[in-house]
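Written below as structure tokens is the structure these notes are about.
Only the coordinates and a few stated rules stand behind these numbers; no lab work does. None of these values were measured; they are calculated from a predicted model. A quick note on method: Cβ atoms are made from the backbone with ideal geometry, for glycine too, and the neighbour counts reach across all protein chains shown.
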Amino acid sequence: MGKIKPARKSTRIDMTAMVDLAFLLLTFFMLATNFKGEDAAEVTTPTSISDTLIPDADVMLITVDDSGRVFFGIDNKDSRAQMLKELASANQLTFTDEEVYIFSLMPNIGMPIKDLKGFLSLPPLERDKAKKNQPGIPCDTINNELAQWIVRARLAHKQIKDKDLRAAVKGDKNTKYPVISNVVETFRELRVHNFALVTSLENDPRDKK
Amino acid sequence: MAELDTGEGGGKKKSKVRSKKSNPRIDMTAMVDLAFLLLTFFVLTTSINKPNVMPVVIPPKTDGKEVDPPKVAESKILNVVLGDKDKVYYYTGLLNIESNKLPEILTTNYAADGLRKVLFDRKKDVAAQFGNEKELIVLIKPSDKARYANIVDVLDEMNITEVKKYTLADLSDDEKKEIIEKLEPAEPAGQ
């Protein structure tokens, strides 16, 4: 037995099937999913047995993180632009068209109204940094800007899509009650009596039989 | 490696000379890489499931007019006070320091054998006393140190135990004195 190398056969795999599979999966994910919105703050919602799904559209989302910062957002880009314009005219502020456009791209906002102009006029890199450090919308008895946002959002959405907004509250597990109480009181003042709390699904103990 | 037959364009030639060129084969590795890269991108940045929500209804504001609440038998009312560190205090009836008749304040937790058991027991008591367990009224009063998860858990328990009459309310001053200050000493405990 010398150094005879065995004759190598060429190993050629027909990859057509693999490519088909890959593109099929890709098409599925492109069509059946939606992009996760970039949240202004990390929020871990508490669990509940409720399996009602969040409505598809016409939702205003009030996010409260564990340090009590309140963020507000609506899901329609045009309504967001309109909401900013209405807010501007009610507070004697002016925004350039570009600032309105930048605002309409953000799904959530969480800063006092007086800081809006400064924030929107920042260059992109600094704006992204500031986005992560937003102080939250003031929502206490002295200064309830959340109420203003909700009112303007409802007006704007009614104008753009002629539909009513439904309120949803996404709170963190560890948010303390006083902030939540302020948000609920704001709802009560604005006559929002039906709203939803975003929760993660847990098993219904009644199902065990 | 991967093959793709680029067609038999030379098949119709009448010439009997077969071209000695083998059909060029395209290496599909790059295409596969691209496809999986895009697939990974979409898998990681999108979500199929929509978040679940729990519907909540709050009673409307009484426009300044102090409407007397309807008279209800005190034993139908269960007050659940949410305290710090996931503790739950509960008592039946109304708490009024001046009346000198303070109801017994008990403690429980959010486990299945805690609040849920209390609710089921109270429902049975109300059914025995008033004939219909749906008469039980639960007043949920979160304290300032309660977490949002506590409130969601209590509302969830309302749904699980099928209590129909419940509401979120504020802690009264009497309750603050009796429950929070007595049972939850402020830290650091300066004795």
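In this structure, A:Asn34 and A:Lys161 have a Cβ-Cβ separation that, at R0 = 22 Å, corresponds to a calculated FRET efficiency of about 0.75.
If R0 is taken as 30 Å, the Cβ-Cβ distance between A:Arg206 and B:Asp174 corresponds to a FRET efficiency of 0.25. The residues packed around A:Ile142, meaning those with a beta-carbon under 15 Å from its beta-carbon, carry a net charge of -3 if Lys and Arg are +1 and Asp and Glu are -1. Here the stretch A:1-28 is scanned for amide nitrogen atoms under 13 Å from the site 7 Å beyond the Cα of B:Arg25 along Cα-to-Cβ, giving A:9-16.
Please arrange B:Val88, A:Val151 by how many other C-beta atoms lie within 10 Å of their C-beta, fewest to most.
Values: B:Val88 22, A:Val151 15.
The most exposed by this proxy come first: A:Val151, B:Val88.
Look at the dipole of the protein assembly as shown built from charges on Cβ: of A:Phe23, A:Asn133, A:Val100, the Cα furthest out on the positive end belongs to A:Phe23. Taking amide H as placed 1.01 Å from N in the peptide plane, the amide H of B:Lys165 sits under 5 Å from that of B:Val138, each at least 5 places away or on another chain. Taking the inverse of the mean 1/r over every pair of distinct Cα atoms in the stretch A:47-202 gives a Kirkwood hydrodynamic radius of 16.1 Å. A simple spin-label model places the labels of B:Lys124 and A:Glu42 4.5 nm from each other, with each point 7 Å out along Cα-to-Cβ. Positive contributions from Lys and Arg (+1) and negative ones from Asp and Glu (-1), summed over other residues with Cβ under 13 Å from the Cβ of A:Arg152, come out at +2. Think of it as helices only: each DSSP H run of n ≥ 4 in chain A is worth -39500 (n - 2.57), and spread over all residues that comes to -12500 deg cm²/dmol at 222 nm. What is the projected area of the convex hull of the Cα atoms of the protein assembly as shown, averaged over all directions, in nm²? One quarter of the hull surface, i.e. the mean projection, equals 40.5 nm².
Of all DSSP beta bridges confined to the protein assembly as shown, the antiparallel ones make up roughly 55%.
As a test, work out the antiparallel percent of DSSP beta bridges whose residues both lie in chain A, rounded to the nearest 5. Given both bridge residues lie in chain A, the antiparallel proportion sits at roughly 40 percent.
What net charge do the residues around B:Lys76 carry, taking every other residue with its C-beta under 15 Å from that of B:Lys76, with Lys and Arg at +1 and Asp and Glu at -1? Write down the numbers at each step before the final one.
On the way: positive: B:Lys71, B:Arg122, B:Lys123, B:Lys124, B:Lys134, B:Lys164, B:Lys165; negative: B:Glu74, B:Asp121, B:Asp125, B:Glu133, B:Glu135.
My count for the surroundings of B:Lys76 gives +2.
Whole-Hz Karplus values for the stretch A:182-194 come out as 4, 5, 5, 4, 4, 4, 5, 4, 8, 6, 8, 9, 10 Hz, taken residue by residue from phi with 6.51 cos²θ - 1.76 cosθ + 1.60 and θ = phi - 60°; glycine and proline positions read x. Taken about its Cα centre, the stretch A:53-194 carries a charge dipole of roughly 140 debye when the Cβ of each Lys and Arg holds +1 and the Cβ of each Asp and Glu holds -1. Taking A:Asn182, A:Asn108, A:Asn34 as the candidate residues, the one with maximal mean-square fluctuation in a Gaussian network model of chain A, Cα springs under 10 Å, is A:Asn34. Amide H to amide H distances under 5 Å link A:Leu197 with A:Val169, B:Met54, B:Val56, where only residues 5 or more positions off or on other chains count and H is placed in the peptide plane.
Residues in the stretch A:154-166 carry Karplus couplings, in order, of 5, 4, 4, 5, 5, 5, 6, 10, 6, 9, 8, 8, 9 Hz; the curve used is 6.51 cos²θ - 1.76 cosθ + 1.60 with θ = phi - 60°, and Gly or Pro positions show x. The GNM of chain A, with springs linking C-alpha atoms under 10 angstrom apart, assigns the highest mean-square fluctuation among A:Leu105, A:Leu31, A:Leu165 to A:Leu31. Close amide H pairs (under 5 Å, H built 1.01 Å from N) link A:Glu202 with A:Ser48, A:Ile49, A:Ser50, residues at least 5 positions away or on another chain.
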